[in-house]
Amino acid sequence: MRTQLRTARAAAVFASDLATGSRPDVTTVTAAIAAAVHARGGTRGCIAAVATAYGDYPESAARRMRWALGTVTTAYDRRPRIPDRELAAA
């Protein structure tokens, strides 16, 4: 996944109403991104929300961004997954 797209999606997930630590499916993530981008007037508004959160609450903002990046990667990463049992046999 392109870095800029991943970053924009993560900023939108960060600015969304999804609960930190939740494990939403790709449909929920896509809907949350669309709602956050719409509510904040675009991706720049989402990025502004991230910046504000880091200024006000840096510890919790860092935790939420790690979660948002992981959520986006899990939802949109198209690389094939190798099941654990196949890794163990290799």
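The values are calculated or read from the model by the stated rules, or taken from the named source; none is laboratory data. Predicted model, so just to flag it, every value in this text is computed and none were measured. Because the Cβ atoms are built from the backbone with ideal geometry, glycine has one as well, and the counts that use them run over all protein chains shown. Areas reflect the complete protein model, heavy atoms only, side chains present, ligands, DNA and RNA absent. Shrake-Rupley method; radii C 1.70, N 1.55, O 1.52, S 1.80 Å.
Just a few scattered comments:
- Between Gly42, Gly55, the distinction of being on the phi > 0 side of the Ramachandran plot and surrounded by fewer than 16 Cβ atoms within 10 Å (Cβ to Cβ) belongs to Gly42 only.
- Test result for Val37, in contact (Cβ under 8 Å) with a residue 24 or more places away in the chain and in contact with a Gly (Cβ under 9 Å, 6 or more places away or on another chain): yes
- Which listed residue, of Arg66, Arg81, is farther than 10 Å from Ala12 by Cα, modelled with pLDDT of 95 or more and either open to solvent by 80 Å² or more (accessible area, probe 1.4 Å) or β-branched (Val, Ile, Thr) (or both): Arg66
- Applying a threshold of 6 Å to beta carbon distances and a minimum spacing of six or more residues, or different chains, the list of pairs starting in segment 58-79 at a residue that is within 20 Å of Thr30 (Cβ to Cβ) and touching a residue at least 12 places away in the same chain (Cβ under 8 Å) and ending at one that is part of a loop (DSSP other than H, G, I, E, B) and polar (S, T, N, Q) reads Arg64/Thr20; Trp67/Thr20.
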